Each structure stands twice: as structure tokens, then as C-alpha cells.
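Heads up: the structure comes next, in C-alpha cells.
We did not get these values from a lab; they are worked out from the coordinates using the rules stated. The model shown is predicted, which means the values in this text are computed figures rather than measured ones. Note: ideal-geometry Cβ built from the backbone for every residue, glycine included; neighbour counts use all protein chains shown.
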Amino acid sequence: MEEQTSEKTYRIHLMVCAGTGCVSNNSFAVKDALKEEIKKQGLENEVLVVTTGCNGFCERGPLLVVEPGKIFYQQLTIKDIPHLVEEHFLKGRPVEKLMYSPPEDKTPIPVLNDIAFFKGQVLIALRNRGLIDPEKIDEYIARDGYTGMAKALTEMTAEEVLEEVKQSGLRGRGGGGFPTGLKWEFVRRASTNNGGIKYIVCNGDEGDPGAFMDRSLLEADPHSVIEGMVIGAKAIGAQQGIVYVRNEYPLALKRLNIALDAAREYGLLGENILDSGFDFDIKVTRGAGAFVCGEETALLASIEGRLGEPRPRPPFPAEKGLWGQPTCVNNVETWANIPVIINRGADWYHSIGTETSKGTKVFSLVGKINNTGLVEVPMGISLKEIVYDIGGGIPGGKEFKAVQTGGPSGGCIPKEKIDLPIDYESLSEAGSMMGSGGMVVMDEETCMVDVARYFLSFTQDESCGKCTPCREGTKEMLNILTKITEGKGTEEDLTLLLELAQSIKDSALCGLGNTAPNPVLTTLKYFREEYEAHIKDKKCPAHVCRELNTYTIDEVACVNVGKGCDMCRRNCASDAIVGEKGKAHTVIQDKCIKCGVCYDVCRFGAVKVD
Amino acid sequence: MPKLTLDDLKKLREKARRTTVLREGGDFRAKVTVHMGTCGIAAGARTIMNTFMTEIEEKDIRDVLLTNSGCAGLCSKEPMITVELQGQAPVKYIELTPEKAKDIFDKHVLNGQIVQDYALGIGSEKTDVS
């Protein structure tokens, strides 16, 4: 099919989400079907199909937003397309059944901005979300792209750029929250060795389970990261940039490379950018997916082709980084904020957020939540607003239990603290951390001991093994946690866990080890009674730890309600259920392997778990 | 593509904005709605739509929103359109031909003069029972 061009005038633009979430839900097939049907109905000169980056509402993909008017269609399938094209795009009648209806109220909401998920969000890093085709540089430029860079290169001195970023109050979005302007200043002040050059690096080695902020940003708006890096390079005096992205992100890599080529072709990268006399270029390094490479010294080692292992700091990369030269490492989201700060000014940026945390933060909202997706919210918003207003609450009417933030380095924040404002300080005080922005929601069916065990097994797995506290300490902690989930824990184990946690925190070499005990420490602090139930009563209150469950059958319910349907017996793999059709069934505890199948297949609630 | 200068970048932005402005819910000076119910389409509404598309493109007009909606309820007078200039009451036009559509586009949409000869009336029926 002939490619539609954006040079022509169209009366309708169809913004098809092509973030990884929607792509894996078949959004490219939906896009092709749309194009085909539009042609079939003779609308190809009136309706333009555009592929965009992640729209954010991943839960409901594949997504389509119709412009003008922002009519939001969701969960599209190929068979919906002919009807949709004819009704809406030809006859002008929006199709209600393809619109979003909130779970509690079945009335469809046609316009994107009226949907609660989008309403509470403030977009700075994700400013172009759903509005541009990430593979077309002209569309980025149309949305004021590269004007911040132009301003920095042609109207401002390096000191002025630096001052602007310092004044904005922007802090690192990769987790640590170090003031970005200050870091830049360190690198600017540092001197190069042996006639080398300064480097800036974009850390896109996103590894937290359930986190996809960096990936989505690179997929949806790679130019915002490129532009931010050029501005940073000017402020710092760097000549070479490197984006480190893990190889598991093929779409992000593809779009980033397309963007870099386009920027080079326009002379927005390379020598004498915009006739300003400033030279700067960016290359891409692919990471092999080791979690520890998100740690800046390990990341730099990996770029240099060495084993991705951290080293002690100081010297910090600002002094001795890549190839021993001053290097500035910032996260993807941090870079994406820079162009807007330069464009709209530090004062504007400073006015958003809290006293100590300025601007917005992107979170990937996952776990037991109705609206899974990517959200950008102003700092200071409460956890409650994120979970209930934007996230739409917990599915199935279950009770909210905790939110895990900061990934394996973070901690769990219990429901008592749901009014907590989201900023760097209050999250740290609660024992967790901002991290790069993963937010895993847990409900009453989540066992907190199991959660701690899961995160420990992750860090244990990803530990590079260089230092003993992390290599051996996390292993020992994991062993104890596994023991507890199997019902073999003792009260001394809790003391030992705390002791180990403290000594690992104090002595590990890098951030990965220092923060690895956090999930254990916060769960022990807020959910100690769950640990005690596992140890003293040999029970898992959430019935997650299988070894501790006992399955029984309520004979009255089995016969009276279920008429002895025999489903449990027929599905039992270990012949642990006796009984026959029409009669009461019982579990032979000695034979039961606690797989829980009987519980799942019983439609009459006769199988009980304790 | 030669390297951009600051000036080129500005020009490129202006040019590219013409495409993306449709997505930004910006201020449109005028909105033209072509009624595209089955009755409208049968009476030639698609030709009217195409006429407006061509007019907008040829004259390079960027602040007029062209959209469609369902049957306007007066099937015998199709093809129909509604023209709304910002801050003014909508005007419905009936029994259109491409020539009439061009005329309306020049006079009403671009220059604010209602074309009495083809107009059905000013205003829209109320949709709110209260």
C-alpha cells in the first residue's frame, strides 16, 4: 500500500499506540487492518493513520485515539475495524461499545481527557505521548522539539544552561535523586586527563521487575532524550554521548537509532550544530541485561567492554568515569526533562512539585491494580490518588495491602501510609525509595514474606559476586526466608535476618548490595505479624506459601450444594481425595501435595484452605 | 538533506505544525460538519466532503476543522452541512452541490458572510431536555 504522508491535509488522524505493550497485543495488525479498511471505504485521502509510542493505558491495549477530539478506543480487535471505520470515520458516529467504561459504572467515556486514568496526570517527560510518531523527527520538531537545544546552543552560555538546570531543582530520576545541576557542575569543573574528552551517558539499563518507564520513553520520544543530552553536553563541555540500552528492548533500540540518524541528517548532532560551533554526537551501546549494570560504575565498565562490575566510589564518574575521563551519567527520564526546563525556564519547572522534589515523576503502575500502565504525576501527589484515582483501585473488590516502590532496592509501603505524598524524602523515611519508578500494587492475597523472598532471590541472582556481603549475605538471607515460607523458620531467624540486613547495608560495595535488604526490612517493619504467623503458627495468612496450607472439604457444602460433583477427586493428581459422585468427599492429608487444584476447581466453595 | 540552520529549524517547525495542530485541540476559527448519515451519503455527501477537503488543501487553510456527523434528521434536504464560526451560532445549509459548497466555503467559512440562499436556518435543535 502506498505510504500516507503527513505533508497532505487529512481531516482525521488515527493515533495507534505502538508501545511494546500494545504491540504485543497485536496493535500492528490492528493498524494494518485500519489502513486496509480505510482504503476499501475510499477514505485514504481523508484519514491518516499514525503510529505513536506508549499511550500509557497499557491495561486496555490495543489503543487508538482519534484526532481531533481525542476519542479513545480500547481493546480493539481486527474484526472491530470495518464497523469502526464505516460508523465513525465515514458516517461520523463514534462507536460506544469500543470505548472505555470504568469498572464501577458502565457508561462509556468517549474522550481521553475525561477518563480518570489520564485526568490526574501532568506530562513533562511524556509531553509528546500519543501525539507524535516517534520515527518522524518533523513531528517532534512540530511540538517545539529542539527549540530548547537551539536556545541553549545559540542564546545561552554554558554557565547559564547549568544555572537554569540547578535552579529548576531537577533531581536524578534513576533512583538516587541526586541534584542534576550539581552533578553537571562537578563534571564541568573536573579536568580531563591526557588530552581526553568529557562524556555524557544516558543510563537506560532498566532492570527492576515491573518497571518500563525508560523503555516506553525511548520508544515513544527518543528525540527528547537526544535533545536533553545535547543541552547537557553544552553545559558540561562534553563532546561524546553514549546511550546504554539493554538488548532486551529491541523496539526502543530501533526507534532510538532511527532518531539518531534523523538528527544527524538534519545536523542536530555532529559538527557545528545549528552553526553554533558546538560539536557533539551520540552512539548507542547495548547492554546484555545484567541488573548490576544499572549501577553507574558497572555501567561504565560495561561500555568499556569490561565485565559489568561496580568499583568503589570515590573517585566518582564525575571525576574519573569512562576511559578515566570526567563523565556525567543520568537516567533516560532525567534527560527527557531537560529540553522543557530550558524551553520554559527553571521558574516554571520549580513551581511544580514539593519543597524538595520538583517536577513530575513517571511510574509504571503494575500488580494488583485495575489500570495497569505508565503514568506521569506531579511530585507530592499521594499514593492514594495514584492507586485509587489514576489506578482505578484493586480488581475484584479485594483489599489493598501495600505498594512496592523502588524495585529490589526499595521497600513496601503499607496501607496505613496510603496518604503518603510521593517525593524522595517521604519515601525514604517510610523505608522505601523513589527508585526509577516501578510501582507494584499488592492486595490481601499477597504474602509479604513471599514478596521479600522474591526480591531477595532477584538480587541474589543478579549479585555480581565481587563483594562478600552481597554475594554471601543475600544468599544467607534468601535461605532464611525460604525456610520461613516452608514453615521451618524459628524466632531466632528474625533476629538473624535483621543482623544480616544491617551488616550488608553497611558493608556492600555498591548500591545493589546496600539496598538489597530493603524489601526484607520494610516487610519486617510493617508486616512482622505475617512473619510470626509463618514461624509460630506455621500458617501463611494469604495462603500463598503452599507448604503451610491445609486443604479440607466441608462435607455439608459438598453434598448439599455441590451434590458431590466429584470434580475435586477427578482433578487431584495425587489421589488424595476420596469420595464418589453424589456423596461427601474428603482429603487424605498424608497424600495431599498441597497443589490447590481442588480449591480452584470447586465451584461450590466446599474446599477450604487454612 | 543539508544541515539545518536556526532559521531552517524554525521554518521546519512551522511547516510540521500544520500537520500536528489537528491533534492538539487548538483553536479553530471555524468548524464545518458534513452530515454523513446513510441518507446524506446517498444524496452525495461524500462529494461535498471531498469538495471541502480540496478547498482546504488547495487554499492551504489550517484553522478550519472539517468533521462529519450522522444524519441531521432532515433527510429530504440532504446533503447538509453545519458551519460554525467561533463565537457565532451554527448555520445549517441544505441541498448542497459542490458549487454551492465552494461558495459557502469562500463566503461564510473564510469571510464570515452567511450565504442566505442555501441556508436552512441559524441555530441547532436543543439536545438537552431541561
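Find the relative contact order for chain A and round it to a whole percent, using C-alpha pairs within less than 8 Å whose residues are 6+ positions apart. Can you show the working numbers first?
Values: 1318 pairs, mean separation 68.7, N = 610.
Relative CO of chain A lands at 11 percent.
Distance from the alpha carbon centroid of region A:97-157 to that of region B:49-80 works out to 28 angstrom.
Given 10 °C and 1.306 mPa s, how large is the Stokes-Einstein diffusion coefficient of region A:313-361 in µm²/s, with Rh as the Kirkwood radius over Cα pairs?
On the way: Rh = 12.7 Å.
The Stokes-Einstein estimate is 125 µm²/s.
Would you kindly calculate the translational diffusion coefficient of region A:259-366, applying Stokes-Einstein with the Kirkwood radius from alpha carbon pairs, for 37 °C and a viscosity of 0.692 mPa s, and quote it in µm² s⁻¹ without decimals? Let's see the in-between values first.
Numbers: Rh = 16.8 Å.
Once the numbers are plugged in, D ends up at 195 µm²/s.
Taking amide H as placed 1.01 Å from N in the peptide plane, the amide H of residue A:566 sits under 5 Å from that of A:582, each at least 5 places away or on another chain. Restricted to Cα atoms, region A:12-114 shows a radius of gyration and a Dmax of 12.6, 40 angstrom. When the pairs A:8/A:35; A:35/A:70; A:91/B:31; B:10/B:107 are compared against a 22 Å limit on Cα-Cα distance, B:10/B:107 fall above it.
For residue A:417, the aspartates and glutamates whose Cα comes closer than 15 Å to its Cα, not counting residues fewer than 8 places off in the same chain, are A:385, A:399, A:425, A:429, A:443.
Let's see if you can work this out: charge +1 on each Lys and Arg Cβ, -1 on each Asp and Glu Cβ, no other charges. What is the dipole magnitude of chain A about its Cα centre, in debye to the nearest 20?
Numbers: 69 positive and 86 negative charges, 174 e Å.
For this selection, approximately 840 debye.
For region A:13-113, a crude dipole built from +1 on the beta carbon of Lys and Arg and -1 on the beta carbon of Asp and Glu, taken about the Cα centre, is about 60 debye to the nearest 20.
Gain on full extension, evaluated as 0.36 nm per residue between residue A:580 and residue A:275 minus their Cα-Cα distance, stands at 101.1 nm. Rounded to the nearest 20, the size of the Cβ-charge dipole of region A:137-349 about its Cα centre is 580 debye, with Lys and Arg at +1 and Asp and Glu at -1.
Here residue A:581 is the anchor, and the lysines within straight C-alpha reach of less than 25 Å, apart from those fewer than 8 places off in the same chain, are A:563, A:591, A:594, A:608.
I'm checking a number: the convex hull volume of the Cα atoms of region A:549-609, normalised per residue, in Å³. What is it?
On the way: hull volume 3.7 nm³, N = 61.
Cα convex hull per residue, to the nearest whole number: 61 Å³.
Working value for region A:448-537: equivalent-ellipsoid semi-axes of 22, 12, 11 Å, each the square root of 5 times a Cα gyration tensor eigenvalue, largest first. Across all Cα pairs in region B:27-122, the calculated P(r) in 10 Å bins from zero up to the longest distance comes to 18, 57, 25, 1 percent per bin. Its relative contact order, with pairs defined as Cα atoms under 8 Å and 6+ residues apart, puts region B:27-122 at 33 percent. Between A:386, A:408, A:446, the Cα set farthest toward the positive side of the dipole of region A:380-498 (charges on each charged residue's Cβ, about the Cα centre) is that of A:408. The length gained on full extension between residue A:347 and residue A:36, counted as 0.36 nm times the residue separation minus their Cα-Cα distance, comes to 107.1 nm. When the alpha-carbon atoms of region A:355-441 are used, the pair Rg, Dmax equals 11.6, 37 angstrom. Within the straight-line cut-off of under 26 Å between alpha carbons, the lysines reachable from residue A:166 are A:151, A:183, A:198, A:234, A:320, A:358, A:361, sequence neighbours fewer than 8 places apart in one chain being disregarded. Taking the DSSP beta bridges with both ends in the protein assembly as shown, the antiparallel portion is around 55 percent. Applying 1/(1 + (r/R0)^6) with R0 = 22 Å to the Cβ-Cβ distance of residue B:110 and residue B:50 gives a FRET efficiency near 0.75. Summary of the geometry: region A:537-587 and region A:284-304, compared by the centres of their Cα atoms, lie 50 Å apart. Computed with the Debye formula from one identical point scatterer per Cα of the protein assembly as shown, without solvent, the log10 of I(q)/I(0) at q = 0.08 Å⁻¹ comes to -0.76. In terms of Cα atoms, the Rg and Dmax of region A:158-275 work out to 15.0, 44 Å. Each peptide in A:205-212, A:414-421 was scored by the mean count of other Cβ atoms within 10 Å over its residues; highest first, the order is A:205-212, A:414-421.
Spatial offset of region A:410-462 relative to region A:320-386 amounts to 19 Å, using the alpha carbon center of each. Between the residues B:53, B:87, B:25, the greatest Cα displacement towards the positive end of the dipole of chain B, with unit charges on the Cβ of Lys, Arg, Asp and Glu, is found for B:25. Counting only Cα atoms, region A:137-349 measures 41, 37, 32 Å along its principal axes, largest extent leading.
Evaluate the relative contact order of region A:389-448 (contact order divided by residue number), counting alpha-carbon pairs under 8 angstrom at least 6 apart; express in whole percent.
Values: 91 pairs, mean separation 25.4, N = 60.
It comes to 42 percent, rounded to a whole number.
Considering the dipole of region A:448-537 built from charges on the beta carbon (Lys and Arg +1, Asp and Glu -1) around the Cα centre, which of A:457, A:507, A:522 is farthest to its positive end? Sorting the options by dipole projection puts first A:507.
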